[in-house]
Amino acid sequence: MLQITRTLTSHPKQKPEGKLGFGKIFTDHMFIMDYSEEKGWHDARIVPYGEISLSPACMVFHYGQEMFEGMKAYRAPDGRILLFRPDKNIERMNNTNTRMCIPHVDPADALQAICEIVKTDADWIPTEPGTSLYIRPFIIATDPFLGVHPSKTYKFIIILSPSGSYYAAGLAPVKICVEDEYVRAVKGGTGFAKVGGNYAASLIGQENAEKKGYAQVLWLDGIEHRYVDEVGAMNVFFVIGDKVVTPKLEGNILPGVTRDSVILYLRAKGYDVEERRITIDEVYEAGRTGELKEMFGTGTAAVISPVGLLDWHGRKLEINNNEIGPISHMLYEGITGIQFGNAADGFGWTYEIK
Ligand code: COI
């Protein structure tokens, strides 16, 4: 059990009013804990949200040794505060840590830290439909050292951000550009890990796509540029005929918690879900024959995001008349129903913060 010291702010901020975007507003407090070889993880503390002072030589600035997670706290109609499958995020956090040579955090300590910081800023959990408190735990390498080695010291920090939908258009279908010049990840790299480097490498494709009016990029595999990987901020699913197909986890895509939940949810409802390789040609061919019924992305931030249009070298493929399809809609209602405590949770996914 962590001993967490608390210093509460003497200047609470004004809570946001009106439409919340994503990730722009931060609460009054943050959690910090330090790591050293001698002491392990120590000095767990909740302090006022604010700037942190670091040496410019810190290894995170030079070699990117860091990791992050993304989770949400939801306010149920009866007032309970719910997390969604926090054990999965914490398990993935330590898988990322292994890949990045970052020391593991005891899963019980990580969960306690998340619960304590959310409880401290519980009055920041928004209650408008579709809004939640986004939780961003992250670890940075703090040794002031320019040699390329794993750091010996780290900071584990959790910040909180009251957020609405990730995409400006909310649940409306997004337009996605298929990227086949740049690649996001390859097997053996860090594609399966939640590290900033994956996202940094994706920015140029993202920027080019945005200039052309697209919300995001669909990444193809890094070797043959044929197989669908993911969309950076979300995993992807296709409804082809009577099957739901999603790229299988082979080390280059993120093992999304929402992805896993969607697969389990659909299978429990009797859908045939295939986790397999899928080529971009197959997607376009299914679009041509009319077998492609829906496409959607899944993610903690993105939840369920229907895709209405793909553009691959200027070849435009409209999906389901650019409308929200029935499976996307059912999943959005079903998964958010469980997350927000509006629907019975037959899976044991919700975790109440007490
Ligand atoms: C999340 O869905 O929580 C993520 O971390 C994706 C991020 C790029 C917003």
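The values are calculated or read from the model by the stated rules, or taken from the named source; none is laboratory data. Treat the numbers as computed from the prediction; the structure is a model and nothing was measured. Ideal geometry is used to build each Cβ from the backbone, glycine not excepted, and the neighbour counts take in all protein chains shown. What goes into the accessible areas is simple: the full protein's heavy atoms, side chains included, and nothing from ligands, DNA or RNA. Shrake-Rupley method; radii C 1.70, N 1.55, O 1.52, S 1.80 Å.
When the label point is put 7 Å from the Cα of Val186 along its Cα-to-beta-carbon vector, which residues of region 234-270 have a backbone N closer than 15 Å?
Zone members listed by number: 251-253.
For region 174-339, what does the relative contact order come out to in percent, with C-alpha contacts under 8 Å and a separation of six or more?
Details: 318 pairs, mean separation 38.8, N = 166.
Relative contact order here is 23 percent.
Probe radius 1.4 Å, ligands and nucleic acids left out: which of Tyr166, Tyr332 has the largest accessible area, and how do the rest follow?
Largest accessible area first, the residues go Tyr166, Tyr332.
Of Asn198, Ala110, Met67, which is farthest towards the positive pole of region 65-214's charge dipole, taken about the Cα centre with +1 and -1 on the beta-carbons of Lys, Arg and Asp, Glu respectively?
Final value for the positive-end residue is Asn198.
Restricting the count to DSSP beta bridges whose residues both fall in region 174-339, what percent are antiparallel, rounded to a multiple of 5?
60
Give the Rg (one decimal place) followed by the Dmax (whole number) of region 1-86, computed from C-alpha coordinates and expressed in Å.
16.5, 48
Under a 5 Å amide H to amide H cut-off, with H placed in plane at 1.01 Å, what residues pair with Met295 once short-range neighbours are removed?
For Met295, whose amide H was placed from the backbone, the distant partners under 5 Å are Val239, Val307.
Beyond 21 Å, how much of the Cα-Cα pair distribution for region 42-132 remains, as a whole percent?
46
What's the center-to-center distance, using Cα atoms, between region 18-69 and region 280-297 in Å?
42
Would you kindly state how much longer the chain becomes between Leu171 and Gln3 on full extension, computed as 0.36 nm times their sequence separation minus their alpha carbon distance, in nm to one decimal?
Between Leu171 and Gln3, full extension yields an extra 56.4 nm.
What ranking do 278-284, 318-324, 232-238 get when scored by the average of other Cβ atoms within 10 Å per residue, highest first? Kindly include the intermediate steps, with their values, before the conclusion.
On the way: 278-284: 17.9, 318-324: 16.0, 232-238: 25.3.
Top of the packing list down: 232-238, 278-284, 318-324.
Under 1.5 on a/c is rounded, so check that first for region 253-294, then, if it is not, pick prolate when a/b is larger than b/c and oblate when it is not; a ≥ b ≥ c are the square roots of the alpha carbon gyration tensor eigenvalues.
Oblate, since a/c reaches 1.5 and b/c is not below a/b.
Rounded to whole Å and ordered largest first, report the semi-axes of the equivalent ellipsoid of the chain derived from its Cα gyration tensor (root of 5λ).
Equivalent-ellipsoid dimensions as semi-axes: 34, 25, 18 Å.
Per residue, how many Å² of accessible area does the chain show with a 1.4 Å probe?
Spelled out: the 1.4 Å probe surface of the chain, per residue, equals 44 Å².
At 222 nm, what value in deg cm²/dmol follows for the chain if DSSP H runs of at least 4 each add -39500 (n - 2.57) and the sum is divided by all its residues, to the nearest 500?
Computed ellipticity for the chain at 222 nm equals -7500 deg cm²/dmol.
Given a Förster radius of 22 Å and the C-beta distance between Asp78 and Lys269 as r, what FRET efficiency does 1/(1 + (r/R0)^6) yield to the nearest 0.05? Display every interim value, and only then the final one.
Details: r = 26 Å, r/R0 = 1.17.
Using R0 = 22 Å, I get an efficiency of 0.30.
Explain nothing, just compute: Karplus ³J(HN,Hα) = 6.51 cos²θ - 1.76 cosθ + 1.60, θ = phi - 60°, for every residue of region 5-16 in order, whole Hz, x for Gly and Pro.
Listing the rounded values in order: 8, 10, 10, 8, 5, 9, 10, x, 7, 5, 6, x Hz.
Return a whole-number percent for the relative contact order of region 258-318, with Cα pairs under 8 Å and 6 or more residues apart as the contact set.
The normalised contact order for region 258-318 reaches 25 percent.
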